[in-house]
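Only one structure is covered here, and it is reproduced in the block below.
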Amino acid sequence: MQTITQPQPVTTQGGYAYEILKRHAANPILTADDSPVPARSIFNPGVTRYNGQYVMVANICQPHNPILFWIFRSDDGVHFTPDAQPMAWPQVDPTHREHCVYDPRITKIEDTYYLCYASQNQTGVRVGIVKTDDFQTFERVAMASEIENRNAALFPEKINGLYARLDRPFQGDGKHGMWLSYSPDLVFWGKSERVFPCRPGYWDGDKLGAGAVPIATDQGWLCVYHGIWANQNSKVYQLGVCLLDRDNPAKVIARGKYPILTPRKIYETTGFVSNVVFTANAVPNDEGMVNVYYGAADTCIGLAQATIEELLQACYT
Ligand code: BMA
């Protein structure tokens, strides 16, 4: 007779022990109440360090729906103050007159900061790129994809002489997973290759895409990404980690089995889109931790932390 063996857990620690990102006590660190203009929600921010400060570019969803990018600044990475004016947005691109922008990811390459964001109009969503040297003025670089593509995260350095990015084409309803593309100039993109697909039956079984801008480590590119599991009631967005080869990020060195952050606090499970944690930037701080900034339920902003070592370890768990 055939013996059927149950899949065994890979750890003997119970409860939420797998969830290695620890929420900051001040969570949620920003809500619509902190918005300088009428807002329904504030979420999915890009964050970087500039001139000794943390600079955040957040989605502010206005009551009538369009999203504004707004800059918030902080000395400690926890308490943020908004600028007096919305971010100075460059001229529209005549090839794609966007009516909505969202989910900025910030990458510093040499002395320039690039924002990769989702640019939406009636034809669909594309990857837009703008740049700045000072977080005062911004210049358009390119509409850097055809429709339908988004969740683009630029690597912080060239790889084999080319700019590189992770992104997520819509084909196959996102099931085809995370992709990698290269560019000589940030305008023309190609040499595209899939990094990894969804894992049926897992927390990232129904859709996934880049999350935070990759972090360079001596073991490879450490990437916090998002995965989606669809159930009867909702699509659950969680965060996980993977490690990609430094010279060829299409090569997966390790990919964690467990999510590292699961929506389970009330501000993550309840909101405009329930059961969502979604990140654009993970920023190493001065205390040896990585600050993972995340949108919670498309409604507010949370901060969760782990060490680089814990994140690397989670890639192998
Ligand atoms: C994704 C993006 C994010 C959003 C998430 C959950 O597809 O649109 O901006 O946070 O869905 O709604």
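Loop-located chymotrypsin sites (Phe, Trp or Tyr not before Pro) in segment 276-317 (DSSP state not H, G, I, E or B) with no more than 15 neighbouring Cβ atoms inside 10 Å: Tyr316. Couplings 3J(HN,Hα) for segment 129-134, derived from phi with the Karplus relation 6.51 cos²θ - 1.76 cosθ + 1.60 (θ = phi - 60°), are 10, 10, 9, 8, 10, 9 Hz, where x marks Gly and Pro. Helical content of the chain, expressed as a calculated mean residue ellipticity at 222 nm, amounts to -1000 deg cm²/dmol (DSSP H runs of 4 or more residues, -39,500 (n - 2.57) each, divided by residue number, nearest 500). For an R0 of 41 angstrom, estimate the FRET efficiency from the Cβ-Cβ distance between Arg140 and Gln6 and round to the nearest 0.05. The calculated FRET efficiency here is 0.15. Here the chain is treated with +1 on each Lys and Arg Cβ and -1 on each Asp and Glu Cβ, and its dipole about the Cα centre works out to around 880 debye. Computed over the chain with a Gaussian network model linking Cα atoms closer than 10 Å, the most mobile of Glu287, Glu157, Glu98 is Glu287. Got a sec? Charge dipole of segment 11-315, +1 on Cβ for Lys and Arg, -1 for Asp and Glu; which of Phe155, Phe170, Ala230 is way out at the positive end? The Cα lying farthest towards the positive end belongs to Ala230. If you take the Cα centroid of segment 96-166 and the Cα centroid of segment 201-240, the two points sit 20 Å apart.
Mind checking which of Gly302, Gly190, Gly172 has the largest fluctuation in a GNM of the chain, springs on alpha carbons under 10 Å? Among Gly302, Gly190, Gly172, the largest GNM mean-square fluctuation belongs to Gly172. Surface exposure of segment 11-315, expressed per residue as accessible area with a 1.4 Å probe, stands at 41 Å². When you restrict to C-alpha pairs under 8 Å that are six or more residues apart and normalise by the size of the chain, the relative contact order lands at 17 percent.
Accessible surface of segment 11-315, 1.4 Å probe: 49 percent of it comes from carbon and sulfur atoms. For Lys131, a cut-off of 20 angstrom between C-alpha atoms picks up these lysines, skipping any fewer than 8 places away in its own chain: Lys108, Lys158.
The values are calculated or read from the model by the stated rules, or taken from the named source; none is laboratory data. Values in this document were obtained by computation on a predicted structure and should not be read as measured data. Here the Cβ is made from the backbone with ideal geometry for all residues, glycine too, and neighbour counts use every protein chain on show. Heads up: the accessible areas ignore ligands, DNA and RNA and are worked out on the full protein's heavy atoms, side chains in. Shrake-Rupley method; radii C 1.70, N 1.55, O 1.52, S 1.80 Å.
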